[in-house]
1. Using the structure shown, decide if HIS156 is under 14 Å from ALA214 (Cα atoms), modelled with pLDDT of 95 or more and not aliphatic (A, V, I, L, M).
2. Yes or no: GLY133 under 27 Å from ALA80 (Cα atoms) and more than 18 Å from the chain's Cα centre (by Cα)?
3. Of everything in the stretch 194-224, what is buried (at least 19 other Cβ atoms within 10 Å of the Cβ), without any contact (Cβ under 8 Å) to a residue 60 or more places away in the chain and closer than 17 Å to SER179 by Cβ? Give them in sequence order.
4. Please find, among ALA135, ALA128, the residue that is touching a Ser or Thr at 6+ places or on another chain (Cβ under 8 Å), among the aliphatic types (A, V, I, L, M) and at negative phi.
5. Can you give me the number of residues within the stretch 103-118 that are more than 16 Å from LEU184 (Cβ to Cβ) and in contact with a Gly (Cβ under 9 Å, 6 or more places away or on another chain)?
6. Take the stretch 169-198 and flag every residue that is part of a helix (DSSP H, G or I) and polar (S, T, N, Q).
Amino acid sequence: MALAYADRRDRGRRPRAPGPRLGNWKLAYADFLTALVALFLVLWLVSDTPAGGRTDIAEFFRGEPEAATLAVTSTPEAEAAELAGALRATRRLTDLNNRLQILAHGDRVRIDLFDRTSDPLFESGGAALTASGRAGMAELADVLTTGNWPIEIEGHTDAFPAIGNGPDNWSLSSERAHSARRALLTAGLAPARIRAVTGLADTVPLRPEEPHLAANRRITLVLQVAQ
C-alpha cells in the first residue's frame with residue numbers, strides 16, 4: 001500500500017525531506033475490515049445454497065465456468081428442443097422435407113412422416129409400405145442410428161371409415177406401425193431402441209380442423225430424450 005507524505009517546512013530553516021503520515025495504519029485496518037465483511041457475506045450466501053449449487057460455485061472458481069453453466073441450464077426440455085433443431089437441419093432428411101414434421105414436445109421429439117395423395121406411404125387400404133415409404137423409413141433409420149434415444153412408434157389414419165371388409169382404422173393404424181417398425185429394423189435400427197408400437201386410428205389427427213386430410217395418415221416416431 002502506498003504511503004502518503006506530508007511536506008513539512010520550518011520557517012527560516014532548510015526544508016526537510018517529506019515524512020510519512022502517522023495515520024496510515026487506519027487505512028490498512030479499514031481495508032482489513034472490508035475484506036472480513038466480504039468474507040462473512042460469501043459464507044452466509046453459501047450456507048443458504050443447496051448442495052448442487054455449491055458444486056457449481058466451486059467449479060466456477062476453479063476456472064470451469066462453462067461446465068457450471070451447462071449443469072444449471074441443461075434440461076430435458078432444452079435438450080429436446082436442441083435435438084429437434086439438429087434433426088431439422090440434417091441434410092440426409094432434405095428429401096423428406098415436404099412430408100416430414102419434427103417438433104419438440106416437452107422432453108420428447110416427435111417426428112411425423114405423413115402421407116400424400118400423390119405419393120402415399122402405404123398401399124391403399126393396406127399396411128404394406130410403398131417404395132416411397134420404405135425409402136423414407138430407411139432415411140430416418142440412417143439418421144437415428146447416430147443416437148441412442150428410445151423410440152416409440154405410432155400409427156395414425158385419417159377419419160375415413162374402412163371400406164368393405166378391410167380392417168378398421170384401429171387395426172390398420174396398428175398394422176402400419178408394425179410395418180414401420182420392421183422397415184426401421186431392416187434399415188439398421190437396433191431392436192432394443194424400440195420401446196412401444198401403438199395404433200391410434202384417427203384419434204390424434206395432425207390437422208384436427210381437417211380430419212380427412214391425407215397428412216393425418218402418418219407414422220410418428222417419438223424420441224425419448226429423458227431416459
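The values are calculated or read from the model by the stated rules, or taken from the named source; none is laboratory data. All figures in this text were calculated on a predicted structure; none of them were measured in a lab. Every residue, glycine as well, gets a Cβ built from its backbone with ideal geometry; the counts of neighbours run over all protein chains shown.
1. On the way: under 14 Å from ALA214 (Cα atoms): yes; modelled with pLDDT of 95 or more: yes; not aliphatic (A, V, I, L, M): yes.
Considered against the rule, which asks whether it is under 14 Å from ALA214 (Cα atoms), modelled with pLDDT of 95 or more and not aliphatic (A, V, I, L, M), HIS156 comes out as yes.
2. So GLY133 fits the description; yes.
3. Correct list: GLY199 only.
4. Result of the check over ALA135, ALA128: ALA128.
5. Of all residues in the stretch 103-118, those more than 16 Å from LEU184 (Cβ to Cβ) come to 103-108, 114-118.
Narrowing the set further to residues that are in contact with a Gly (Cβ under 9 Å, 6 or more places away or on another chain) leaves 104, 115.
Residues flagged as more than 16 Å from LEU184 (Cβ to Cβ) and in contact with a Gly (Cβ under 9 Å, 6 or more places away or on another chain) within the stretch 103-118 amount to 2.
6. ASN169, SER171, SER173, SER174, SER179, THR186
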